[in-house]
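> Quick one: structure below, then a few questions.
The values are calculated or read from the model by the stated rules, or taken from the named source; none is laboratory data. Nothing here was measured: the structure is a model prediction, and the numbers come from that model. Don't worry about glycine lacking a Cβ; one is built from the backbone with ideal geometry, like all the others, and counts go over all protein chains shown. We work out accessible area using only protein heavy atoms, side chains counted, and drop any ligands, DNA or RNA first. Shrake-Rupley method; radii C 1.70, N 1.55, O 1.52, S 1.80 Å.
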Amino acid sequence: MRPCGNSSTAGIAVSLCLSNRAALAVVALLAVYTAGIAVNLARGRREIDCGCGVSDRHQNLSSGLVARNIVLIAAASAVLV
């Protein structure tokens, strides 16, 4: 993780600090959400609406959602490196 404030300009330092914190929050949230999906899939609960997207369109749990979230976690983690 890049340290906050090691930049030559204060604006850039604040920007880097906020982007690291935001990326960490995204990683944490997606990890918890993905774990919840994976647990329910392992228990055979596929008919639960994941709450993804528009409320009138239901999307059941699937391994595709887990894969998508892992890709998003990897992308957000790249900001932290």
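> List every residue pair whose Cβ atoms sit under 7 Å apart, with the two residues 6 or more apart in sequence or on different chains, where the first one lies in the range 60-81 and is under 11 Å from residue 23 (Cβ atoms) and the second, anywhere, is open to solvent by 60 Å² or more (accessible area, probe 1.4 Å).
The qualifying pairs are 76/26; 80/1; 80/24.
> Among the residues of the range 13-30, is any modelled with pLDDT of 75 or more and assigned to a loop (DSSP other than H, G, I, E, B)?
Checked the range 13-30: no residue is modelled with pLDDT of 75 or more and assigned to a loop (DSSP other than H, G, I, E, B).
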